[in-house]
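In what follows, a single structure is set out as structure tokens and then discussed.
The values are calculated or read from the model by the stated rules, or taken from the named source; none is laboratory data. Source: prediction; values computed, not measured. Reconstructed Cβ throughout: ideal geometry from the backbone, glycine too, with neighbour counts over all protein chains shown. Just the protein is used for accessible areas: all its heavy atoms, side chains included, with ligands, DNA and RNA removed. Shrake-Rupley method; radii C 1.70, N 1.55, O 1.52, S 1.80 Å.
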Amino acid sequence: MDGEGGSSGLVKSAAVKLSKMGEKTKQLGTAMKDPHQQRRIILVIVCVALLLDNMLYMVIVPIIPDYLAELESEQAEHVHVVIHPNSSYNSTALDKINKNNLDIQIGVLFASKAILQLLVNPLSGTFIDRVGYDIPLLIGLSVMFVSTCIFAIAENYATLFVARSLQGLGSAFADTSGFAMIADKYTEESERSTALGIALAFISFGSLVAPPFGGVLYEFAGKKVPFIVLACICLADGLMLLTVIKPFSNRTRENMPVGTPIYKLMVDPYIVVVAGALTVCNIPLAFLEPTIANWMETNMHSTQWEMGIAWLPAFFPHVLGVYITVKLAAKHPHLQWFYGALGMVIIGASSCTVPACKTFGQLMLPLCGICFGIALVDTALLPTLAFLVDVRHTSVYGSVYAIADISYSVAYAMGPIVAGQIVHNFGFVQLNLGMGLVNVLYAPALLLLRNVCQMKPSYSERDNLLEEAPQGLYDTIKMEERRAKKKGYSTAGNSLSVDENGFDPFRAQRSLSEESSGPEYT
């Protein structure tokens with residue numbers, strides 16, 4: 001009897017636990033269906049994807065040069081033994097030739113990711129506008145996973161080059177669709193700035209923590225381990241994306257608004273100014289990363305660990321810059337252009353002071369200033385791109401964030417290849433003075449954005465010029481909101497329905513507005 005009672009008690013307790021687990025699963029499913037909870041989960045997925053991309057971009061910094069040097073020395077020894085088995089060949093000249101070849105190989109390898117990303121972005125932006133944001137993000141994560149696995153097993157330069165180029169392909173999809181998804185889910189400007197600021201903080205953390213992370217694991221566990229860890233995180237992020245968003249679920253896409261073609265966005269003067277600022281402000285970081293280590297070793301006699309953590313302290317001012325810009329943008333959104341211009345001036349001044357530093361401690365100040373300024377520019381201008389698309393084009397964000405990604409890629413494609421040549425031909429001081437001057441001179445161009453916050457959607461352009469029924473859910477909702485406003489305005493007076501250009505959109509589009517109603521809601 002006691003045995004039966006004990007077994008029945010175990011069965012009951014198991015049943016209670018199962019029921020509790022079922023309730024928690026239901027609560028989790030309900031939470032995932034809630035739009036506010038779902039967009040938070042989406043923000044986490046996107047931030048992890050951006051973190052991974054930038055960690056993979058920078059984790060090779062302490063690994064690849066050393067690994068390639070080992071491969072090069074092995075090949076050189078083999079060639080020396082085969083060709084000159086009994087001769088006393090000038091080893092100093094051979095080492096110099098090998099070092100020059102190695103520097104070129106490393107520069108091309110580092111730049112290959114940004115170059116391929118630059119080439120693919122116009123296509124990925126258009127693809128994202130056509131199919132949505134979730135499937136391209138999954139494609140990007142899948143390609144990044146494959147790229148990371150190839151990095152882990154690569155044993156020669158050609159395989160490393162393929163892995164690095166594949167990462168650029170994955171980034172063109174993952175980064176662009178990630179930013180576009182955040183802009184799409186967070187429609188309020190203050191929320192959008194906060195969400196994009198969080199994403200930028202993850203990018204900064206990934207870029208700055210990856211070199212010490214990769215260096216420590218490479219030193220104590222070997223080349224494969226850092227990439228295996230990143231591949232596992234990438235796989236987990238992809239599975240979370242499949243679970244939460246379900247990209248391949250049966251759903252209609254015909255209600256998606258048709259995005260503005262990327263070539264039209266590229267000739268929008270406001271978007272051009274923002275894209276130029278994003279390129280210019282990232283040039284100091286992109287050009288210093290491949291050159292500052294040699295300069296520190298030559299002028300400061302820095303140790304390996306000092307060169308390895310040179311950028312790590314800059315993470316904190318970068319996050320501080322993101323936080324300050326988000327708070328200021330919430331209170332004074334009309335000054336976004338000013339925050340960007342101020343950031344460019346800070347970057348310019350900091351870049352000019354880098355060559356004057358004599359110690360490792362002194363060098364930390366301008367490097368922190370550069371990252372603080374980049375945080376101001378990125379956090380102020382990335383939400384501005386989404387706002388410009390909202391008010392001047394169609395609210396589909398794939399192409400505009402592809403342009404932003406192109407802006408970054410231009411800087412990081414030139415950096416590893418061009419920076420070394422500039423230092424060799426003109427000097428490290430001239431490189432920094434030139435980068436600082438370009439940033440300071442570009443800052444006044446952001447004055448063109450000072451009236452952006454006063455812009456409103458051009459109803460005459462969206463309705464009159466297109467001369468067609470509203471396309472997709474976004475336009476239908478806007479039409480319905482306009483109809484509601486029209487009814488309210490008609491009681492207050494017809495003069496209120498005239499927009500700032502003296503155009504009466506409701507009178508001109510009365511028939512179109514009346515015809516567009518609820519079918520797309522169903």
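Observations
- Restricting segment 387-403 to residues that are in a helix (DSSP H, G or I) and among the aromatic types (Phe, Trp, Tyr), the residue that is farthest from Thr279 (Cα to Cα) is Phe387.
- Scanning segment 128-186 for residues being closer than 22 Å to Asp66 by Cα and among the polar types (S, T, N, Q) gives a total of 6.
- Which numbered condition Ile271 fails, given (1) touching a residue at least 60 places away in the same chain (Cβ under 8 Å); (2) touching a Leu at 6+ places or on another chain (Cβ under 7 Å); (3) over 18 Å from Leu388 (Cβ atoms); (4) of a type outside the set (D, E, K, R): (3)
- Boolean, Lys185 is closer than 21 Å to Ser124 by Cβ and either in contact (Cβ under 8 Å) with a residue 40 or more places away in the chain or touching a Phe, Trp or Tyr at 6+ places or on another chain (Cβ under 9 Å) (or both): yes
- Matching residues, segment 217-232, being within 20 Å of the chain's Cα centre (by Cα) and surrounded by fewer than 17 Cβ atoms within 10 Å (Cβ to Cβ): none
- If you go through segment 348-367 and keep only what is not hydrophobic (A, V, I, L, M, F, W, C) and not in a helix (DSSP H, G or I), you end up with Lys358, Thr359.
- The residues listed here are Ile374, Ile406, Ile370, Ile422; of these, the one that is in a helix (DSSP H, G or I), at pLDDT below 90 and among the aliphatic types (A, V, I, L, M) is Ile422.
- Pair list, Cβ under 9 Å, 6 or more apart: segment 206-227 residue more than 13 Å from Asp66 (Cα to Cα), other residue among the polar types (S, T, N, Q) and assigned to a helix (DSSP H, G or I): Gly206/Asn54; Ser207/Asn54; Leu208/Asn54; Ala210/Asn54; Phe227/Thr148
- Taken over segment 279-308, the criterion of being assigned to a helix (DSSP H, G or I) and either within 22 Å of the chain's Cα centre (by Cα) or of a type in the set (Val, Ile, Thr) (or both) is satisfied by Thr279, Val280, Cys281, Asn282, Ile283, Pro284, Leu285, Ala286, Phe287, Leu288, Ile292, Thr298.
- Residues in segment 362-375 that are of a type in the set (A, V, I, L, M, F, W, C) and open to solvent by 10 Å² or more (accessible area, probe 1.4 Å): Met364, Leu365, Cys368, Phe372.
- With respect to the conditions (1) over 17 Å from the mean Cα position of the chain (by Cα); (2) of a type outside the set (D, E, K, R); (3) closer than 16 Å to Ala231 by Cα, Ala158 falls short on a single one, namely (3).
- Some residue of segment 330-345 being under 24 Å from Phe428 (Cβ atoms), at pLDDT 85 or above and not small (Gly, Ala, Ser): yes
- Residue match in segment 70-78 (condition: of a type in the set (Gly, Ala, Ser) and either touching a His at 6+ places or on another chain (Cβ under 9 Å) or modelled with pLDDT under 75 (or both)): yes
- Each residue in segment 170-196 was checked for being open to solvent by 50 Å² or more (accessible area, probe 1.4 Å) and assigned to a helix (DSSP H, G or I), and 6 of them qualify.
- Conditions (1) surrounded by fewer than 21 Cβ atoms within 10 Å (Cβ to Cβ); (2) at pLDDT below 85; (3) not charged (D, E, K, R): number failed by Pro122: (2)
- Condition check for Thr384: assigned to a loop (DSSP other than H, G, I, E, B), open to solvent by 10 Å² or more (accessible area, probe 1.4 Å) and touching a residue at least 60 places away in the same chain (Cβ under 8 Å): no
Condition check ((1) part of a helix (DSSP H, G or I); (2) more than 27 Å from Pro211 (Cα to Cα); (3) in contact with an Asp or Glu (Cβ under 9 Å, 6 or more places away or on another chain)) across all residues:
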{"site": "Ala310", "(1), (2), (3)": "no, no, no"}
{"site": "Ala314", "(1), (2), (3)": "yes, no, no"}
{"site": "Leu328", "(1), (2), (3)": "yes, yes, no"}
{"site": "Trp337", "(1), (2), (3)": "yes, yes, no"}
{"site": "Ile346", "(1), (2), (3)": "yes, no, no"}
